[in-house]
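Working notes for the structure below.
The values are calculated or read from the model by the stated rules, or taken from the named source; none is laboratory data. Keep in mind it's a predicted model, so treat the numbers as computed, not measured. Cβ atoms come from the backbone with ideal geometry, glycine included; neighbour counts cover every protein chain shown.
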Amino acid sequence: MIRADPSPLVAPLPPRVPGWALPDGPVSSDADAAFCAGAALTSLDNLVRSEPLWAGAWRQRLALKCAASAVRLAGRSEDEAALRDAWYLRPPDTDPGPAGTVLGAWRQLALRPPVVKAARLAEVVELLGLRWDDGFADLPDVIDDLTRSSRPAPFAAAAIAGHVVAMRSEAETLGWWCADLVLAQKLRWARPVPLLMAQIFGPTFRGEVGHGKRARPGGEGFERAVCLALAQGAAEASRLGGEIARRADRLVAVAPKLRAKGAGEAITKLLDDDAVSGSLVTKNLSRFGSRRLFDRLMEFEAVRELSGRPTFRLYGL
């Protein structure tokens, strides 16, 4: 039974991106787009630096959204639910399949500090289903140069995406992965926040800048589109943070009422990840104990069942 007073662990609701930071119509000026991005990223930066208890779950939920866009770009049909199943319902340490490995690339981005060396880059290239190109070996140096440059963070992110696509047009997913990493380096975040990939099929890349077609990395008006995408992405990430924060608050508040021996381990996993299997087994928690624990948490409205199935259930904030 968890007896600690949970109140010191519960942070205030995270800041929201103010409405005036988001455009209410077409944006034809690069300066206006950069203003929107800067204002929105300031709010997001405050959230990131507060290091909330639920930051792991929040980042992984954003990673899932980016992965869904990445597999769509690759011409695959898996949605967020299918990707979640591929990752969490597989036997331990087994291949999650082509779409699942794409999710693995964005999960890795959200888990590790924003530093990339040749070995890590090779791992990401493989996870994204790409063929290694000798030009990729120079990407760590290009990223370091952009980070040290005087370019504002949104423009540095746009630059690395354009650089990767100019090198290999079919490597666009890698370009967006690198863009979020560069953004984190420029903003000095301890870990990246997956943002941009989830926005590429949205209106910010198809509006006035894209003339109805999706604006591609390195194309006309691309930097402006990235700025607007960051404003929208930061707003969506902040709203998601607010939703997860309320659920995490409830989860921590009910923790003292849980009598399962391994409840603390399950709560930690829920706070750190997008989803937890309903048949979770740990040193202190059996499969049967997990089912009873999650049923109890559902009664308390402290978690959500994410799969919509009566069996092989997944739970999360």
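Would you check which residues across the range 262-317 are of a type in the set (Phe, Trp, Tyr), outside any helix (DSSP H, G or I) and touching a Lys or Arg at 6+ places or on another chain (Cβ under 8 Å) and list them?
PHE300, TYR315
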- How do the helices (runs of 4 or more DSSP H) wholly within the range 31-139 filter down when requiring 1 or more residues that are among the hydrophobic types (A, V, I, L, M, F, W, C), within 22 Å of ALA225 (Cβ to Cβ) and assigned by TED's automatic domain parsing to the domain that holds VAL226: which remain? 55-73, 97-111
- Item | Set PRO52, PRO15, PRO113: member being under 30 Å from ALA255 (Cβ atoms) and surrounded by 21 or more Cβ atoms within 10 Å (Cβ to Cβ) | PRO52
- Item | the range 254-275, residues that are under 10 Å from ARG296 (Cβ atoms) and among the hydrophobic types (A, V, I, L, M, F, W, C) | VAL254, LEU258, ALA260, ALA263
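Residue-by-condition table, conditions (1) buried (at least 24 other Cβ atoms within 10 Å of the Cβ); (2) touching a residue at least 40 places away in the same chain (Cβ under 8 Å); (3) in a helix (DSSP H, G or I); (4) of a type in the set (D, E, K, R):
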| site | (1), (2), (3), (4) |
| --- | --- |
| ASP144 | no, no, yes, yes |
| VAL165 | no, yes, yes, no |
| GLN185 | no, yes, yes, no |
| ALA198 | yes, yes, yes, no |
- Message: So in the range 68-100, with the set limited to residues that are out of contact with any Asp or Glu (no Cβ under 7 Å at 6 or more places or on another chain), farther than 15 Å from LEU306 by Cβ and aliphatic (A, V, I, L, M), which one is surrounded by the most Cβ atoms within 10 Å (Cβ to Cβ)?
- Response: ALA70
- Task: Among the residues of the range 49-58, write down those that are within 18 Å of LEU317 (Cα to Cα) and either modelled with pLDDT under 95 or out of contact with any strand residue (DSSP E or B) (no Cβ under 9 Å at 6 or more places or on another chain) (or both).
- Result: GLU51, PRO52, LEU53, TRP54, ALA55, GLY56, TRP58
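Yes or no: the range 235-246 includes at least one residue that is under 20 Å from ARG151 (Cβ atoms) and at pLDDT 95 or above. Even if it seems obvious, please write down each step before you answer.
So in the range 235-246, the residues under 20 Å from ARG151 (Cβ atoms) come out as none.
The answer is no, given that none of the residues of the range 235-246 is under 20 Å from ARG151 (Cβ atoms) and at pLDDT 95 or above.
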- Query: So which residues in the range 216-252 are assigned to a helix (DSSP H, G or I), farther than 21 Å from PRO26 by Cβ and in contact with a helix residue (DSSP H, G or I) (Cβ under 8 Å, 6 or more places away or on another chain)?
  - Reply: ALA237, SER238, LEU240, GLY241, ILE244, ALA248, LEU251, VAL252
- Query: Counting only residues that are within 21 Å of PHE312 (Cβ to Cβ) and β-branched (Val, Ile, Thr), which one in the range 256-298 is nearest to the chain's Cα centre (by Cα)?
  - Reply: VAL276
- Item | Scan of the range 277-317 for residues that are among the basic types (Lys, Arg) and free of Cβ contacts under 8 Å to residues at least 40 places away in the same chain, ordered by number | LYS283, ARG287, ARG291, ARG292, ARG296, ARG309, ARG313
